[in-house]
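See below for the structure under consideration.
The values are calculated or read from the model by the stated rules, or taken from the named source; none is laboratory data. Nothing here was measured: the structure is a model prediction, and the numbers come from that model. Glycine gets a Cβ as well: all are built from the backbone with ideal geometry, and neighbour counts include every protein chain shown.
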Amino acid sequence: MPPAANPGLKILVMNAGSSSQKSALYALPSDAFPAKPLEPLWEGAIDWTHQEGVAELKFTTQDGKKIKQTMPSGDRTAVMNCLLESIWSGETQVIDKATDIGMVGHRVVHGGGQYQESVRVTPEVQAAIADYSRFAPLHNPANLEGITAIEAILGDIPQVAVFDTAFHSTLPPAATVYPIPYPCYEAGIRRYGFHGTSHRYCAQRAAELLGNPSPLRLIVCHLGNGASLSAVRDGVCIDTTMGFTPLEGLMMGTRSGSIDPGILIHLMRQEKFDADRLDRMLNKESGLLGVSGVSSDLRVVMEAIAEGNDQAKLALEVYLHRLRSHIGSLLPSLGGLEAIVFTAGIGENAPDIRAAACKGLEFLGLEIDPEKNVRSPEDIDIATDHSPVRALAIHTQEDWMIVRDCWHLR
Ligand code: ADP
């Protein structure tokens, strides 16, 4: 087995979704935090749902070893054990023993309004994550499962919770409260915002790339399967498009984004839709998939358009119309714009979408350089030299942000 590559702090990042668990181990030097994101020593993933009753595990190491295996998914503790043990035993072993891991950072989807930044995990924090499961029933329990698995296997190791909602905790009341009866707000029905770790990383990276100007007013467009925008003034988030749940705002891969709530009432009354049916329709059957009838994957939708599929073309038109309108809705709160930032699967890889989104901002003088836009290496300014508003494509690094938060809380 290879010797431990680095004597510094080893940080394990755990990112549990509703259907997957992604993990990565980073080896940090002991003296200073690295200026640039490091590659993980080891990465592991569990897909819980691809095959019924079967968990699919994948491990890869920095030096190129790859293993895939399957296990019955019923005994989740055994599956988590297998994932973690592959770090210190077997072919993908990268450290001597489990206790070489110094800290564990967890991406936690919902921290309510309570957590404005990342915190060390304590029994109180675990109780709060469990409490917020009522708002994020698919995600928070999976996050807690990761925390308890680490406790069971690694014992009393420092663990950090990094909340997706935290970056949006600075939203002013006007952007937080829904215009429905106030007791709803008191019961926790308010706008929280999500993808906060990605928005925070991109806002910081944009400031760095632009030389930390002041003021710095940004619109960050996180465009993946899930999609959201944030309006960030001098590093502080002042508005975002997702709300009480990740269903609000932009049209997404399979999620509708914002629609007239009257449609829900209509479907309940006329079509006898219940909560589960509505949930399925709005979260899984809408968005690019729902309108195009082809796919939730933008690449497949674009292929269909190239083959002359009019419904796919319409889906893209709706997607872009909504993207531009939501970008526009953030401008008055910012009072100006120094840069627009594109990130995640679509934001990083689809020059046509970036160009189309910026088209509506030409009145601000924003001009995209078509050549830079298609070249798009990581973290590039794609605006023309004379454009007064910059446009950046940034590779989001949520795991690295979690590593950074762990470092600060070590
Ligand atoms: P998730 O929200 O699941 O993390 P991603 O950030 O990976 O999603 O984004 C997935 C989306 O990115 C899909 O719609 C996919 O089509 C799109 N995407 C990835 N690569 C490209 C590409 N080269 N061109 C256009 N779209 C792309």
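For the range 316-325, check the following and say yes or no: at least one residue is in contact with a Ser or Thr (Cβ under 7 Å, 6 or more places away or on another chain), within 16 Å of the ligand (Cβ to nearest atom) and more than 21 Å from residue 207 (Cα to Cα).
Within the range 316-325, none of the residues are in contact with a Ser or Thr (Cβ under 7 Å, 6 or more places away or on another chain), within 16 Å of the ligand (Cβ to nearest atom) and more than 21 Å from residue 207 (Cα to Cα).
Is it the case that the range 252-264 has a residue that's touching an Asp or Glu at 6+ places or on another chain (Cβ under 9 Å), at pLDDT 95 or above and among the aliphatic types (A, V, I, L, M)?
Taking every residue of the range 252-264 in turn, none turns out to be touching an Asp or Glu at 6+ places or on another chain (Cβ under 9 Å), at pLDDT 95 or above and among the aliphatic types (A, V, I, L, M).
Please go through (1) under 24 Å from the mean Cα position of the chain (by Cα); (2) farther than 20 Å from residue 394 by Cα; (3) within 11 Å of the ligand (Cβ to nearest atom) for residue 303 and return the number of the only condition it doesn't satisfy.
Condition not satisfied by residue 303: (1).
Taking residue 188 as the residue in question, decide whether it is of a type outside the set (Ser, Thr, Tyr), in contact with a Phe, Trp or Tyr (Cβ under 8 Å, 6 or more places away or on another chain), exposed (fewer than 15 other Cβ atoms within 10 Å of the Cβ) and in a loop (DSSP other than H, G, I, E, B).
Yes: the conditions hold for residue 188.
Check off (1) more than 16 Å from the ligand (Cβ to nearest atom); (2) part of a loop (DSSP other than H, G, I, E, B); (3) in contact with an Asp or Glu (Cβ under 8 Å, 6 or more places away or on another chain) for residue 388 and give me the number that stays unchecked.
Every condition holds for residue 388 apart from (3).
Quick check on the range 336-354: of everything there that is within 16 Å of the ligand (Cβ to nearest atom) and small (Gly, Ala, Ser), which residue is nearest to the chain's Cα centre (by Cα)?
So, considering only residues that are within 16 Å of the ligand (Cβ to nearest atom) and small (Gly, Ala, Ser), the one nearest to the chain's Cα centre (by Cα) is 344.
Show me the strands (runs of 3 or more DSSP E) found entirely inside the range 1-101 where at least 3 residues are out of contact with any strand residue (DSSP E or B) (no Cβ under 8 Å at 6 or more places or on another chain) and among the basic types (Lys, Arg).
Answer list for the range 1-101: none.
Against the conditions (1) more than 22 Å from residue 237 (Cα to Cα); (2) out of contact with any strand residue (DSSP E or B) (no Cβ under 6 Å at 6 or more places or on another chain); (3) assigned to a helix (DSSP H, G or I); (4) within 16 Å of the ligand (Cβ to nearest atom), where does residue 357 fall short? Just the number, please.
(1)
Closer than 22 Å to residue 321 by Cα, under 21 Å from the mean Cα position of the chain (by Cα) and among the charged types (D, E, K, R): does that describe residue 239?
yes
Quick one: in the range 171-185, of everything that is part of a loop (DSSP other than H, G, I, E, B) and either among the hydrophobic types (A, V, I, L, M, F, W, C) or free of Cβ contacts under 8 Å to residues at least 24 places away in the same chain (or both), which residue is surrounded by the most Cβ atoms within 10 Å (Cβ to Cβ)?
Checked the range 171-185; the qualifying residue surrounded by the most Cβ atoms within 10 Å (Cβ to Cβ) is 171.
Residue 252 is checked against (1) touching a residue at least 12 places away in the same chain (Cβ under 8 Å); (2) in a loop (DSSP other than H, G, I, E, B); (3) within 13 Å of the ligand (Cβ to nearest atom); (4) surrounded by fewer than 24 Cβ atoms within 10 Å (Cβ to Cβ) and fails just one. What number does that condition carry?
Among (1) touching a residue at least 12 places away in the same chain (Cβ under 8 Å); (2) in a loop (DSSP other than H, G, I, E, B); (3) within 13 Å of the ligand (Cβ to nearest atom); (4) surrounded by fewer than 24 Cβ atoms within 10 Å (Cβ to Cβ), residue 252 violates only (4).
Among the residues that make up the range 211-232, is at least one of them at pLDDT 95 or above, loosely packed, with under 14 Cβ neighbours inside 10 Å, among the polar types (S, T, N, Q) and within 23 Å of residue 398 (Cβ to Cβ)?
Within the range 211-232, one or more residues are at pLDDT 95 or above, loosely packed, with under 14 Cβ neighbours inside 10 Å, among the polar types (S, T, N, Q) and within 23 Å of residue 398 (Cβ to Cβ).
Right, residue 382: over 17 Å from residue 207 (Cα atoms), away from the ligand (no atom under 13 Å from the Cβ) and modelled with pLDDT of 95 or more or not?
Against the criterion (over 17 Å from residue 207 (Cα atoms), away from the ligand (no atom under 13 Å from the Cβ) and modelled with pLDDT of 95 or more), residue 382 does not qualify.
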